[in-house]
Amino acid sequence: MFGYVRPPLDDLPKEEAERFRRIYCGLCHTLKRRYGSAAQFILNYDFTYLAILLSAAQEDEIRQGRCIVSPVKKREYFAESDALTVAADESVILAYWQMRDGVSDHDFVHGAKYRAGALALERAYRKAAKNRPAFDAVTRQQLEILSALEKENCALIDRPSDVFAQLLSGAAAEVEDPVRRRVLEQLLYHMGRWVYLIDAADDLKKDVQSGNYNPVALRYGLINGEWTPQARREFVQTLDHSVHMMTTAFELWDFGVWTPILEKTLYTGLFRVGKAVLDGTYQPMLRGEDRKKRKNGEEST
Amino acid sequence: MKDPYQVLGVAESATDEEVKRAYRNLARKYHPDNYHDNPLADLAQEKMKEINAAYEEINKRRSGGGPENRQSSGYSGYGGGYAQYGQYSGGQSSSSVLQQVRIAIQTGNITRAEALLANYSDHNAEWNFLRGAVCYRRGWMDEAKRYYQTACQMDPGNGEYRQALEFMENGTQSAYHPDGGFGTEMCSANPCLTMCCAYTLCNGGCCFYI
């Protein structure tokens, strides 16, 4: 989960953007209450989508509160629900294993921030794993498969992305309604596949320098992380098939109040992020300070 | 039965034209072409039936059950569209094992299809085609395309294989989209990513493990 799935906020009516913010804040509050403030820092948009997909069709109860980001003005957020609890537990597990993965991927110096992250999450993780033992077991097992594929330098893109896709689709395993479960498993599978592939595409240049495993570069035989028109066309085809699988799954379940946000994200947001990554114009989320600087810089130019 | 107006998502006071438009949009969304080989095609088929029944019901009510000629065109065209889903069992198989594979794929038993294919030593064009179909159902889109390509190379004259490959190459261009263009290359470059960090906090986390 890397924050690639995002709502196109400019295209959403204000009330929808506000609804998204309320569940984002709701997840943050849930993380803090269950796992302490260290766990809040794993919060990102992808995990918010997990919460949305697992949420009921109607809105949950709204609370008001202050937080570090908004210490003065109270902001509205959704009260803790089953969906937020599950999303929080699973987020902690995924984030923890991802950081552990980062530790083993890097040498001692470069692995430092991952070690620090994993250490900070250690306690939260132990609790989350106790709450969701099945999800934890699957996560651990899948990431072992991934690390084996990395070691053998697997040049296929479907195999490594399947690992991540299965991880996400496993988040729907406990959904009771069989139709809803099928829909969510399919949607999350392809969301995982798409995220994994986009992340690999985004890392092309970086991985050339570091020598890290990159399935997209290997599959398309890219030199110095540069796309050829043919390779780009083929890669886009495979991405678009995954988006198509997501949209067709999405249309088969009533997501109630979340429908407009999901619709815009799946039919518009994913394509925009994908194109920006391929064009090399993608901007990862910025820290508050950098964001302000950039904004000021833009205004003055 | 559900309220037909609710199914189509229109008010009871909607004009005939509005009803027709709503029906057509939904029919496009759940059309078998949009769920080609989709593992959830059975659910889409159910939706389609529900929409067709609702549209029929509204037309019946509005025409007062009489012979009035208000039944709109466009309805009949979508009725039996899902029948073509029998394609895997309908195709000509060169062996009884591959015929069983087709049946397994069609009934959604992908594990069985995969096992049968793994034990079949003659990797002919049909084997590659069916292997591609299994990959597609699993969501292994790139592998699916490669197997379809091999099938086409081995048997260039086969329409079934060619159609499958064609779908992998251009199929999503005609996929349903509420406002038109479906596809990564279809989206305009701007104002793409001004959405960044509206509420912050996310950043600390991202930096850890990107």
*Please specify each residue of segment A:224-258 satisfying the condition of being more than 18 Å from B:Asn34 (Cβ to Cβ) and free of Cβ contacts under 8 Å to residues at least 40 places away in the same chain.*
A:Asn224, A:Gly225, A:Glu226, A:Thr228, A:Pro229, A:Gln230, A:Ala231, A:Arg233, A:Glu234
*Select from segment A:10-26 the residues that are over 15 Å from A:Ser70 (Cβ atoms) and in contact (Cβ under 8 Å) with a residue 24 or more places away in the chain and list them in ascending order.*
A:Asp11, A:Leu12, A:Pro13, A:Glu16, A:Arg19, A:Phe20, A:Ile23
_Need pairs with beta-carbon distance below 6 Å; first residue in contact (Cβ under 8 Å) with a residue 24 or more places away in the chain and within segment B:125-153, second small (Gly, Ala, Ser) and not in a helix (DSSP H, G or I); sequence gap 6+ or separate chains._
B:Glu126/B:Ser94
*asked:* Yes or no: segment B:37-53 includes at least one residue that is modelled with pLDDT under 90 and not aliphatic (A, V, I, L, M).
replied: yes
*asked:* One residue is enough: does segment A:195-204 have a residue meeting the conditions more than 16 Å from the chain's Cα centre (by Cα) and part of a helix (DSSP H, G or I)?
replied: yes
*asked:* Here are the criteria: (1) closer than 19 Å to A:Met99 by Cα; (2) surrounded by 15 or more Cβ atoms within 10 Å (Cβ to Cβ). Tell me which single one A:Gln141 does not satisfy.
replied: (2)
*What number goes with the only condition from (1) modelled with pLDDT under 95; (2) among the hydroxyl-bearing types (Ser, Thr, Tyr); (3) part of a helix (DSSP H, G or I) that A:Thr248 does not pass?*
(1)
*For A:Ala120, work out the one condition from (1) out of contact with any helix residue (DSSP H, G or I) (no Cβ under 8 Å at 6 or more places or on another chain); (2) small (Gly, Ala, Ser); (3) at pLDDT below 90 it doesn't fulfil.*
(1)
*asked:* List pairs: first residue in segment A:143-171 and more than 12 Å from every other protein chain (Cβ to nearest Cβ), second residue assigned to a loop (DSSP other than H, G, I, E, B) anywhere in the structure, Cβ distance under 7 angstrom, at least six positions apart or on different chains.
replied: A:Glu150/A:Tyr213; A:Asn153/A:Tyr213
*Pick from B:Gln71, B:Gln106, B:Gln84: which is in contact with a Ser or Thr (Cβ under 8 Å, 6 or more places away or on another chain), under 30 Å from B:Glu18 (Cα atoms) and at pLDDT below 90?*
B:Gln71
*asked:* Which condition from (1) exposed (fewer than 14 other Cβ atoms within 10 Å of the Cβ); (2) free of Cβ contacts under 8 Å to residues at least 12 places away in the same chain is the one that A:Ala79 breaks?
replied: (2)
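Matching residues to (1) away from chain B (no Cβ under 14 Å); (2) in a strand (DSSP E or B); (3) closer than 20 Å to A:Phe255 by Cβ; (4) modelled with pLDDT of 90 or more:
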residue: A:Val5; (1), (2), (3), (4): no, no, yes, yes
residue: A:Glu15; (1), (2), (3), (4): yes, no, yes, yes
residue: A:Ala38; (1), (2), (3), (4): no, no, no, no
residue: A:Leu43; (1), (2), (3), (4): no, no, no, no
residue: A:Phe47; (1), (2), (3), (4): no, no, yes, no
residue: A:Ala51; (1), (2), (3), (4): no, no, yes, yes
residue: A:Gln58; (1), (2), (3), (4): yes, no, yes, no
residue: A:Ser70; (1), (2), (3), (4): no, no, no, no
*Of all residues in segment B:116-157, count the ones that are in a loop (DSSP other than H, G, I, E, B) and within 14 Å of another protein chain (Cβ to nearest Cβ).*
2
*Being more than 8 Å from chain B (Cβ to nearest Cβ) and closer than 21 Å to B:Asp33 by Cα is the filter here, so list the residues in segment A:259-281 that pass it.*
A:Leu266
*Scan of segment A:172-187 for residues that are surrounded by fewer than 17 Cβ atoms within 10 Å (Cβ to Cβ), touching a residue at least 60 places away in the same chain (Cβ under 8 Å) and not in a loop (DSSP other than H, G, I, E, B), ordered by number*: A:Val179
*May I ask you to verify whether A:Glu59 is within 23 Å of A:Val175 (Cα to Cα) and surrounded by fewer than 21 Cβ atoms within 10 Å (Cβ to Cβ)?*
yes
_If I go through segment A:192-209 residue by residue, how many of them are free of Cβ contacts under 8 Å to residues at least 12 places away in the same chain and either touching a Lys or Arg at 6+ places or on another chain (Cβ under 6 Å) or away from chain B (no Cβ under 13 Å) (or both)?_
1
_Can you tell me which of (1) within 11 Å of chain A (Cβ to nearest Cβ); (2) modelled with pLDDT of 90 or more is the one B:Arg162 doesn't meet?_
(1)
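The values are calculated or read from the model by the stated rules, or taken from the named source; none is laboratory data. The structure presented is a predicted model; accordingly, all values stated were derived computationally and were not measured. Ideal geometry is used to build each Cβ from the backbone, glycine not excepted, and the neighbour counts take in all protein chains shown.
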